[in-house]
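Right, one structure below, let's go through it.
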Amino acid sequence: MIKILYDQHCSLCSKEINYYRSIAPKGIFMWCNLHVHNKLLRKYGITYNDALLSLHAIDDRERIFKGIDAFCLIWNNLRGWRLLSFIIKMPLIYFVSKIFYSYFAQWRFNKMKYCKVN
């Protein structure tokens with residue numbers, strides 16, 4: 001199963017993940033609230049700060065995907081979303097998407113009071 005580590009305390013993250021959950025085929029994803037599944041963070045060497053900052057996914061081969069790559073992994077496994085993943089992975093679009101996601105993630109991180117951890 002693909003493990004998705006997301007921030008359930010973030011209303012935006014929760015809405016998006018809940019939507020994906022509603023359309024995802026059964027048995028593909030394990031949706032993991034990072035605030036509860038801290039054993040997974042330790043197992044894969046993901047810091048709590050990094051998990052708060054960016055969406056993380058671990059595929060069935062134990063590879064870690066972060067940020068836009070985690071979204072592409074999700075989209076590749078959702079009917080009707082594979083085209084978006086293909087488009088995002090195009091070289092110039094991928095580069096811009098990674099930058100945009102990085103800025104957006106940092107903005108969201110700075111905005112959330114509970115993200116102020118050491």
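So the values come out like this:
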| quantity | calculated |
| --- | --- |
| Ellipticity estimate at 222 nm from DSSP helix runs (n ≥ 4, -39,500 (n - 2.57)) divided over the chain, nearest 500 | -16000 deg cm²/dmol |
| Lysine pairs meeting the criterion (Cα under 20 Å, 8 or more apart or interchain), as found in the chain | 15 |
| Cβ charges +1 (Lys, Arg) and -1 (Asp, Glu), total dipole of the chain, debye | 140 debye |
| Under DSSP loop assignment and at most 12 Cβ neighbours within 10 Å, longest trypsin sites (Lys or Arg not before Pro)-free interval of the chain | 80-115 |
| Rounded to 5, the percent of DSSP beta bridges in the stretch 2-115 classed as antiparallel | 55 percent |
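Throughout, read-outs are computed from the coordinates displayed, never taken from laboratory work. Keep in mind that this is a model prediction, so the values were computed, not measured. Cβ sites come from the backbone with ideal geometry, for glycine too, and all protein chains shown count toward neighbours.
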